[in-house]
Amino acid sequence: MRAWEAPDVPDVPGNAPRPVVHDTAAGKPVDPTRGDDRAALYVCGITPYDTTHLGHAATYLAFDTLGRVWRDAGLDVEYAQNTTDVDDPLLERATRDGVDWRELAASQIDLFRRDMESLRILPPDDFVAVTDEVERIAEAVAFLQETGYAYSVPTPDSAGDDVYFDVQRPTEAWVLGDESGLDRDTMLTLSAERGGDPDRAGKRDALDPLLWRAVRAGEPSWESPVGEGRPGWHIECSVIAGDRLGLPISVQGGGSDLVFPHHEMSAGHAAALAHQPLANAYVHTGMIAYQGEKISKSLGNLVTVRGLLDDGADPRAIRLALLSHRYSDDWEWFDAELASATRRLETWDAWATGGAGHADDAADVVTRIRARVADDLDTPGAVAAVDTAIAGGTRSTPELVDLIDALLGIRIG
Ligand code: 5CA
Ligand code: ZN
């Protein structure tokens, strides 16, 4: 499906160092490209049932930064992102509001595109709706059945059977816990909280995740080799990432609420399908809170990008406010963050307009900014490097202004 319009990214002489990012599976920073000149990025997309909130924005901004640093380091970047445009929370919201689920998804995807454009987030090369990939996903589920990784569970309220993934069956490239490193009790708790069904009768292991949901009355469904129904959640990302980017990808990305079960199970499915790890690194953003609680569509404590823009915020200030936090930290948004980012931006704008520095004087600042972002996307460090340069009397140069645009996505002056 159509993504959104790409912002201009200036080419700046020289290169950022090849970045390292924190890999959840390894528990340390790694170069996810393993020295390759190509970087393949898959970021889990939205479930389109409510407007883009700051948590989503911060997550997509973190991976936007990774894409920018990779490009500045001279790598070819391929980027795919899904949209979970058929899933329980979307269907529940559509039923609650008395709207067609397809229309709800389409309108929310449009709003998401607009918000991503306002924030100058680089679009994925492949922006993939799950509803466009159902056939491919069903084929993958059928293959997992044929190879013994999937089994049917009798489903009293459907004419067909649900299909589950067998987490205990060994694969060459994955065992349960490889990606998340969690103990079984924690897995059981998180599974129950995040879309799993550990109490479902008839499963081999309580943690086995759903691959295919047989049709129920009033639910959308597709005919397929595994019966009429719709895809489970994790298999969609395994199939789309593998099809669009080839396995293993460099980075599987998303918020830390996706560590388990989503990324763990996506990795398991990919290993069973392709005898390959899903990704060289699993990179997770922290959760943003507002009014003391994680911002969430279901909790309703939303600060939306759209709301801030409608109140007159400069989209660059929203970006700068988010970049002033370390991507991997959990943090809380306070309304004052926007005011402080707006003041910083005024200082930066005035500095850029003042101009007339010499490239030689700016070279150290260029090196410093590049080093900061290449060190696990230390954007607060990069922002501080600009502040320090301004406070220390370094004059701006076209190259510095371009670098700030290329790496931080903010055009000043
Ligand atoms: N469609 C699935 C992924 S396949 C999904 O999780 N959709 S979502 O709309 O719920 O979330 C989209 C992305 O935003 C995910 O990466 C999620 O981890 C991230 N996210 C959600 N809430 C927050 C938050 N409060 N702070 C930071 N990131 C968040
Ligand atoms: Zn996903």
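Dipole check for segment 21-289: with +1 at the C-beta of Lys and Arg, -1 at the C-beta of Asp and Glu, and the Cα centre as origin, the magnitude is about 420 Debye. Couplings for segment 275-284, taken from phi via the Karplus curve 6.51 cos²θ - 1.76 cosθ + 1.60 with θ = phi - 60°, read 6, 9, x, 5, 9, 6, 8, 10, 10, 10 Hz in order; Gly and Pro are left as x.
What does the net charge come to around Thr394 if you take all other residues with beta carbon closer than 13 Å to its beta carbon, with K and R at +1 and D and E at -1?
Values: positive: Arg368, Arg395; negative: Asp360, Asp361, Asp364, Asp387, Glu399.
Counting the neighbours of Thr394, the net charge comes to -3.
Here the gap between Glu228 and Ala350, fully extended at 0.36 nm per residue and compared with their Cα-Cα distance, gives a gain of 37.8 nm. If I fit a long axis through the Cα atoms of helix 264-274 and take the longest principal axis of the Cα atoms of the chain, what angle between them do I get, 0 to 90°, rounded to 10? For 264-274 against the chain, the angle is about 70 degrees.
Residue separation of Arg96 and His358 scaled by 0.36 nm, minus their Cα-Cα distance, works out to 88.3 nm of gained length. The long axis of helix 88-97 is offset from the longest Cα principal axis of the chain by roughly 90 degrees.
Against the chain, whose longest principal axis is taken from its Cα atoms, helix 336-354 shows a tilt of about 40°.
Using +1 at the C-beta of Lys and Arg and -1 at the C-beta of Asp and Glu, which of Thr131, Gln276, Pro231 has the Cα lying farthest in the positive direction of the dipole of the chain? After comparing all options, I get Gln276. Considering only His53, His358, His269, the Gaussian network model of the chain with Cα springs below 10 Å gives its largest mean-square fluctuation to His358. The convex hull built on the alpha-carbon positions of the chain has an orientation-averaged projected area of 19.6 nm². Put a dot 7 Å past the Cα of Ser256, heading toward its Cβ, do the same for Glu103, and the two dots end up 4.0 nm apart.
Entry comment: accessible area of segment 344-383 is 44 Å² per residue, from protein heavy atoms only and a probe of 1.4 Å. The string of couplings for segment 50-61 from the Karplus curve (6.51, -1.76, 1.60, θ = phi - 60°) is 7, 5, 3, 9, 5, x, 4, 4, 5, 5, 5, 5 Hz, one whole number per residue in order, with x for Gly and Pro. Dipole of the chain computed with +1 at Lys/Arg Cβ and -1 at Asp/Glu Cβ about the Cα centre; of Gly242, Gly35, Ala336, farthest Cα towards the positive end is Ala336.
Would you calculate, for the chain, the mean residue ellipticity at 222 nm contributed by helices, counting each DSSP H stretch of 4 or more residues as -39,500 (n - 2.57) and dividing by all residues, to the nearest 500?
So the helix-based figure for the chain works out to -12500 deg cm²/dmol.
Solvent-accessible surface of segment 21-289, averaged per residue with a 1.4 angstrom probe and all protein chains in place: 36 square angstrom. The Cα center of segment 276-350 and the Cα center of segment 99-153 differ in position by 25 Å.
Once the Cβ-Cβ distance between Arg368 and Asp157 is put in as r, and R0 is 56 Å, what FRET efficiency do you end up with, to the nearest 0.05? The computed FRET efficiency comes out at 0.40.
Applying 0.36 nm per residue to the separation of Thr388 and Glu293 and subtracting their alpha-carbon distance, the gain on full extension is 30.9 nm. Among the protein heavy atoms of the chain, carbon and sulfur supply 47% of the accessible surface, probe 1.4 Å, non-protein parts ignored.
The values are calculated or read from the model by the stated rules, or taken from the named source; none is laboratory data. Because the structure is a prediction, the values reported are computed rather than measured. Don't worry about glycine lacking a Cβ; one is built from the backbone with ideal geometry, like all the others, and counts go over all protein chains shown. Please note that ligands, DNA and RNA were not included when accessible areas were found on the heavy atoms of the full protein model with its side chains. Shrake-Rupley method; radii C 1.70, N 1.55, O 1.52, S 1.80 Å.
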